[in-house]
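Working notes, structure below.
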Amino acid sequence: MQNTMISKKHLMIVAAIAFFMLLTRGSHTLTPFSLPDASLVLFLLGGLLLKRWGWFTAFFALATVIDFGAAALDPAQGFCLTNGYWGLIPSYAAMWFGGLYLNKQTDAFAASPNAIVTYSLVSMFTTFIAFVISTQTYYLFSGRFPAQGLIESLKHGWEYLPSWMGFAAMYFAIVWLSVALLRSVKTVQTSKI
């Protein structure tokens, strides 16, 4: 019975991921300010903290509802909603796999050089893989570019890589520092008892 129940901790993680997806998802229809999309980081965190692929499906469904809902409210937001959009499934799956890998490490958020390097390398490697998959599926299947095959499509989209990696690195650093801060506060509170 215990295994089928969602723990309070898991429920808080699910709520936090959903909240940040709503807050940062590409269209920014739901907020008065424009934050960079945090979906890549959120999918990696989902794999790391929630593990189950059912959660992956739920979060992809949420992302899709946000994207198509934003396009319904503002048709200009639907520019990327083409056949290439479905390349986000393997892109986000790469992030989820990265999270699953990090979950198998001793502690992805440990304040040790080894843990920091592993967290950084896995998060940036999976972000790069997600970029390649997402960009190439868009250029190959969106119908907005001449169908010249994979080799020709590989020549396009690289100008977006620095911002893609930069925003992801920023979010990954914020997550790691937030966890470190929460742990240090918890340690201080525990030591006072």
Find how much the distance from K51 to A111 grows on full extension, using 0.36 nm per residue of separation minus their present alpha carbon separation; answer in nm with one decimal.
-> 19.4 nm
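Return the FRET efficiency for the residue pair A18, I89: r is the Cβ-Cβ distance, R0 is 25 Å, and the value is rounded to the nearest 0.05. Numbers along the way, then the final one.
Values: r = 18 Å, r/R0 = 0.73.
Calculated value: 0.85.
Listed highest first by mean packing, meaning other Cβ atoms within 10 Å per residue, what order do 93-99, 159-165 come in?
Values: 93-99: 22.9, 159-165: 12.4.
Those peptides, ordered most packed to least, come out 93-99, 159-165.
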Taking amide H positions as placed in the peptide plane 1.01 Å from N, state which residues far from F109 in sequence (5 or more) or on other chains have amide H under 5 Å from it.
-> none
Pull up the cross-link candidates among the aspartates and glutamates for K9, meaning alpha carbon to alpha carbon under 20 Å and not fewer than 8 places away within one chain.
-> D107
Can you give me the pair-distance distribution of segment 8-192, C-alpha pairs, 5 Å bins, whole percents?
-> 1, 8, 14, 19, 20, 16, 10, 6, 3, 1, 1, 0, 0, 0
Mind listing the phi-derived Karplus ³J(HN,Hα) values for segment 13-25, rounded to whole Hz, using 6.51, -1.76 and 1.60 with θ = phi - 60°, and x for any glycine or proline?
-> 5, 4, 5, 5, 4, 4, 4, 5, 5, 5, 6, 10, 3
In whole Hz, what ³J(HN,Hα) sequence does segment 165-177 give by Karplus (6.51, -1.76, 1.60; θ = phi - 60°), x for Gly and Pro?
-> 5, x, 5, 4, 4, 4, 5, 4, 5, 4, 4, 4, 5
If you count, for each residue, the other Cβ atoms within 10 Å and average over each peptide, how do 172-184, 62-74 line up from highest to lowest?
-> 62-74, 172-184
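A short reminder: the numbers here are calculations on the coordinates, not readings from a lab. Source: prediction; values computed, not measured. All Cβ positions, even for glycine, are placed from backbone atoms using ideal geometry, and neighbour counts span all protein chains on display.
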